[in-house]
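The structure appears right after this line, and notes come after that.
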Amino acid sequence: NAGVTQTPKFQVLKTGQSMTLQCAQDMNHEYMSWYRQDPGMGLRLIHYSVGAGITDQGEVPNGYNVSRSTTEDFPLRLLSAAPSQTSVYFCASRPVGEPTPNTGELFFGEGSRLTVL
Amino acid sequence: AQSVAQPEDQVNVAEGNPLTVKCTYSVSGNPYLFWYVQYPNRGLQFLLKYITGDNLVKGSYGFEAEFNKSQTSFHLKKPSALVSDSALYFCAVRDRLNTDKLIFGTGTRLQVFP
């Protein structure tokens with residue numbers, strides 16, 4: 001059972017370039033989300049999805065796009081990278097349906113470290 | 001709006017001593033509260049959660065946390081620290097009324113010295 005898989009683990013971009021961070025989970029979780037982690041800022045929610053075809057914005061959505069065509073995949077797209085998007089990105093998932101014994105517990109990927117020059 | 005505060009950037013403790021990592025929260029209703037741990041170059045791992053019931057919650061690796069509604073706190077504790085407990089710890093809150101978003105604190109680095 002792989003859990004949440006993120007690719008790539010490391011990426012260096014130039015300002016203005018585009019790229020997609022991939023996230024896949026094999027736990028059949030309806031909820032998936034993207035966070036960015038910056039020193040002194042903790043984790044901030046970028047976008048999330050409660051099921052295929054449904055996405056919504058988090059705290060810091062500007063500069064990022066998402067889509068959810070399948071339950072398993074939740075890619076994060078940077079259309080025109082900026083140095084301010086240099087960060088470590090985490091994808092996380094959980095089941096939906098309250099109340100359950102697993103209420104709210106998120107399962108995280110290992111992270112993708114992005115540097116924008 | 002819901003928020004979480006971790007007032008200490010770093011906590012230092014000697015191995016074998018008790019440890020406490022502080023967390024306070026603000027939500028509009030009754031909260032779901034969580035602690036996660038992050039080891040270097042890894043993703044976050046779930047430690048424990050408070051949903052309802054007993055205010056003292058026990059979790060993984062001997063950690064526990066006490067929910068205090070009057071003080072809006074959810075401090076993480078361990079009776080005897082290990083060097084291997086050294087990591088970054090995050091408190092998180094989820095509003096029962098707005099259940100789609102989990103809001104994290106800024107993190108506290110725990111350093112346990114031999």
statement: A careful count of residues in segment A:43-78 that are under 16 Å from A:Leu114 (Cα atoms) and either out of contact with any strand residue (DSSP E or B) (no Cβ under 7 Å at 6 or more places or on another chain) or at the interface with chain B (Cβ under 10 Å from one of its Cβ atoms) (or both) gives 2
task: State yes or no: is A:Pro83 modelled with pLDDT under 95, out of contact with any Lys or Arg (no Cβ under 9 Å at 6 or more places or on another chain) and surrounded by fewer than 18 Cβ atoms within 10 Å (Cβ to Cβ)?
output: no
- prompt: A:Gly104: part of a loop (DSSP other than H, G, I, E, B), open to solvent by less than 10 Å² (accessible area, probe 1.4 Å) and either free of Cβ contacts under 8 Å to residues at least 12 places away in the same chain or in contact with a helix residue (DSSP H, G or I) (Cβ under 7 Å, 6 or more places away or on another chain) (or both), yes or no?
  reply: yes
task: Tell me, please, whether a residue that is more than 14 Å from chain A (Cβ to nearest Cβ) and not small (Gly, Ala, Ser) can be found in segment B:84-91.
output: yes
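For B:Thr72, indicate whether it is within 13 Å of another protein chain (Cβ to nearest Cβ) and open to solvent by 40 Å² or more (accessible area, probe 1.4 Å). Please lay out each step first, then the result.
Working: within 13 Å of another protein chain (Cβ to nearest Cβ): no; open to solvent by 40 Å² or more (accessible area, probe 1.4 Å): yes.
So B:Thr72 fails the test.
Test A:Gln37 against the criterion of being over 27 Å from B:Thr108 (Cα atoms), in contact with a strand residue (DSSP E or B) (Cβ under 7 Å, 6 or more places away or on another chain) and open to solvent by 10 Å² or more (accessible area, probe 1.4 Å), and give yes or no. Please lay out each step first, then the result.
On the way: over 27 Å from B:Thr108 (Cα atoms): no; in contact with a strand residue (DSSP E or B) (Cβ under 7 Å, 6 or more places away or on another chain): yes; open to solvent by 10 Å² or more (accessible area, probe 1.4 Å): yes.
Judged against the criteria, A:Gln37 is not a match.
The values are calculated or read from the model by the stated rules, or taken from the named source; none is laboratory data. This is a predicted model, so every value here is computed, not measured. For neighbour counting, all protein chains shown are included, and Cβ atoms are generated from backbone atoms with ideal geometry for every residue, glycine included. Just the protein is used for accessible areas: all its heavy atoms, side chains included, with ligands, DNA and RNA removed. Shrake-Rupley method; radii C 1.70, N 1.55, O 1.52, S 1.80 Å.
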